[in-house]
Amino acid sequence: MTRIKQNLVALNTLVLKEYHRIVRIWVQTLVPPAITMSLYFVIFGNLIGSRIGQMDGFGYMQYIAPGLIMMSVITNSYGNVVSSFFGAKFARHIEEMLVSPMPESLILIGHVAGGVVRGLLVGLLVTLIALFFTDLTPVHPWITISVVLLTAVVFALAGFINAVFARKFDDISIIPTFVLTPLTYLGGVFYSISLLPEFWQKVSMANPILYMVNAFRFGILGVSDIPLGRAYLIIFAFIIGLYTLALTLLKRGTGTRE
Amino acid sequence: MRALQIHGLTKTYGNGVQALKGIDLEVEEGEFCALLGPNGAGKTTAIGIMTSLVNKTAGSVAIFGHDIDQDVIGAKSCLGLVPQEINLNLFEKVQSIVVTQAGYYGIPRRQALERAERYLRELKLWDRRDDIARNLSGGMKRRLMIARALVHEPRLLILDEPTAGVDIEIRRSMWRFLRKINDQGTTIILTTHYLEEAESLCRHVAIIDEGRIIVNDPMSQVLRKLSVETLVFNLAEAVDGVAAIDGYAVRMIDPTTLEADVTSDRGVNGLFAALSERGLRVVSMRNKANRLEELFMRLVDSKEERGEHTAVAGR
């Protein structure tokens, strides 16, 4: 068997393992985001949103739905990789992969694929819930699909890097709590940055999540606070930067080898 | 062909501890080699480097000719590891653990399932294949780690204290299994603190102490270095004492048990003759301690007597 075929088998094994993990612990991986997002739709979209009125020409519920879908994709693609990879490090069964001839790039890609799978599964679930509350027919389906997929890759890579550096369980909750959540909430999920004073609009432009949320919203509703091209540029820049960093760390053995 | 070639291997940890101080070790294909040493001697560090779990500081390691710096994929493909610590995914099913490991080595699923069944049956775990690993006993977890290490049929199997904490029955069944796979051609490197295990299984022995190889010879040659053995004799009838026997240090332990230090140049025949002359009938005889254990202790003790144990900085 050629090395390429062996690598494909190895990658398939890792991705399937990650998928089975997500499905096996579905109460932890799929149900909580579904409940949380349902509450967002009921409270922000339905109860409060009905009093807010329109945003960029759309009902508030319809306006926040793409943002909430992206929020769940971001959180879950990140959370899946950080918990899976750190869990494997903590219990030391990461050694199963490290002693095998599987190249480091495949270990990384396999884990990222697991994060993307969970991010997209949860995103799909939240979309189905959103459809109970509002109409979501993508104006630009390919932009919608590509943006959600690439964003899941970005945050799966970020979760991997977090897991590489983590030494204890506290370390895997610090970034999501103190960095990811604030950036997501301030990333245009609930509002258009045109509502902000000029200074805060400029500050918001430094938040990468703003570009991803708005690009996705453009795919579904056709409106965005930022130019689409810049959003893709930023997403690709993050993917290349984070992939290079994650692979370097893995090859060097940072956090995985003594 | 050499299964393992290590030259000038050095490892200094970030805290300054020098775990390996330039070791050289070669293991022939088909060998069953014991890697022995006290706790902290450097055995697990050496194994960690061989298996790419620890970064080396200097030196070279080659597995069946594949240098771990030049061709780590080739080196890893030849290797199977049973680590000292349990490192199973405890929430995964037994069969799935073995099949997944095969997948990491690029073995297609159908073939992986066949091999998993074969090794789980051989290691008496097939009936537990659908249990999650957490529900296995300690001995079963160790056998599962052996099955996992063998599923890609490595040419070199490294076992780091595989029988630690395992009861004697399971330990002996593991010995039989290891002998069998060694007879089938798998080269084995075994570290253990049960020196009876090493003496019984291994044909070659390397002793590592404070990061240096202090013995590296065939087992028979190593045991010949044991110049004095202490033998214990059980006597048929109780006696009050025994007169001195020329050339042997003899002492009574209790009225029916006698202990004698026998040097290799004198042998045991003269002692038997002397005991017969004194009308003492010996019912049975045994070594007071395992021979390898005795030699091991003497090697370590002689270093302590010479004050060589002070050399490791930072420990």
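The values are calculated or read from the model by the stated rules, or taken from the named source; none is laboratory data. Please read all numbers here as calculations on a predicted model, not as lab measurements. For neighbour counting, all protein chains shown are included, and Cβ atoms are generated from backbone atoms with ideal geometry for every residue, glycine included. We work out accessible area using only protein heavy atoms, side chains counted, and drop any ligands, DNA or RNA first. Shrake-Rupley method; radii C 1.70, N 1.55, O 1.52, S 1.80 Å.
Quick rundown of the values:
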{"item": "Unique match (being within 11 Å of chain A (Cβ to nearest Cβ) and assigned to a loop (DSSP other than H, G, I, E, B)) among B:39, B:89", "result": "B:89"}
{"item": "Segments classed as strands (runs of 3 or more DSSP E), wholly inside the stretch B:185-294, with at least 2 members that are among the β-branched types (Val, Ile, Thr) and touching a helix residue (DSSP H, G or I) at 6+ places or on another chain (Cβ under 9 Å)", "result": "B:187-191, B:204-209, B:212-218, B:228-235"}
{"item": "Helices (runs of 4 or more DSSP H) wholly inside the stretch A:157-226 containing at least 3 residues that are open to solvent by less than 40 Å² (accessible area, probe 1.4 Å) and out of contact with any Lys or Arg (no Cβ under 6 Å at 6 or more places or on another chain)", "result": "A:208-221"}
{"item": "Sole exception among (1) surrounded by 21 or more Cβ atoms within 10 Å (Cβ to Cβ); (2) touching a residue at least 60 places away in the same chain (Cβ under 8 Å); (3) not in a helix (DSSP H, G or I) for residue A:93, by number", "result": "(2)"}
{"item": "Helices (runs of 4 or more DSSP H) (entirely within the stretch A:8-61) containing at least 3 residues that are open to solvent by less than 40 Å² (accessible area, probe 1.4 Å) and either within 14 Å of another protein chain (Cβ to nearest Cβ) or not hydroxyl-bearing (Ser, Thr, Tyr) (or both)", "result": "A:31-40"}
{"item": "Qualifying residue in the stretch B:4-17 (condition: outside any strand (DSSP E or B) and among the aromatic types (Phe, Trp, Tyr))", "result": "yes"}
{"item": "Residue in the stretch B:130-139 that is within 11 Å of chain A (Cβ to nearest Cβ), among the small types (Gly, Ala, Ser) and either open to solvent by less than 70 Å² (accessible area, probe 1.4 Å) or not in a helix (DSSP H, G or I) (or both) present", "result": "yes"}
{"item": "Complete set of residues in the stretch B:100-119 that are in a helix (DSSP H, G or I) and surrounded by fewer than 23 Cβ atoms within 10 Å (Cβ to Cβ)", "result": "B:109, B:110, B:111, B:113, B:114, B:115, B:117, B:118"}
{"item": "Index of the failed condition, residue B:25 passing every other in (1) in a strand (DSSP E or B); (2) open to solvent by less than 10 Å² (accessible area, probe 1.4 Å); (3) in contact with an Asp or Glu (Cβ under 9 Å, 6 or more places away or on another chain)", "result": "(3)"}
{"item": "Within the stretch B:43-63, tally of residues that are within 13 Å of chain A (Cβ to nearest Cβ) and not in a strand (DSSP E or B)", "result": "14"}
{"item": "Contacts under 8 angstrom Cβ, first residue in the stretch A:186-213 being within 17 Å of residue A:56 (Cα to Cα) and free of Cβ contacts under 8 Å to residues at least 60 places away in the same chain, partner small (Gly, Ala, Ser) and outside any helix (DSSP H, G or I), 6 or more apart", "result": "A:210/A:187; A:210/A:188"}
{"item": "Residue B:161 buried (at least 20 other Cβ atoms within 10 Å of the Cβ) and of a type in the set (Asp, Glu)", "result": "yes"}
{"item": "Unique match (being under 24 Å from residue A:15 (Cα atoms), in a strand (DSSP E or B) and within 14 Å of chain A (Cβ to nearest Cβ)) among B:74, B:80", "result": "B:80"}
{"item": "Check on residue B:238, of a type in the set (A, V, I, L, M, F, W, C), open to solvent by 20 Å² or more (accessible area, probe 1.4 Å) and in contact (Cβ under 8 Å) with a residue 40 or more places away in the chain", "result": "no"}
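Per-residue answers, yes or no, for (1) under 26 Å from residue A:154 (Cα atoms); (2) touching a Leu at 6+ places or on another chain (Cβ under 8 Å); (3) modelled with pLDDT under 95; (4) not hydrophobic (A, V, I, L, M, F, W, C):
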| residue | (1), (2), (3), (4) |
| --- | --- |
| A:35 | yes, no, yes, no |
| A:39 | no, no, yes, no |
| A:50 | no, no, yes, yes |
| A:61 | no, no, yes, no |
| A:84 | yes, no, no, yes |
| A:88 | yes, no, no, no |
| A:109 | yes, yes, no, no |
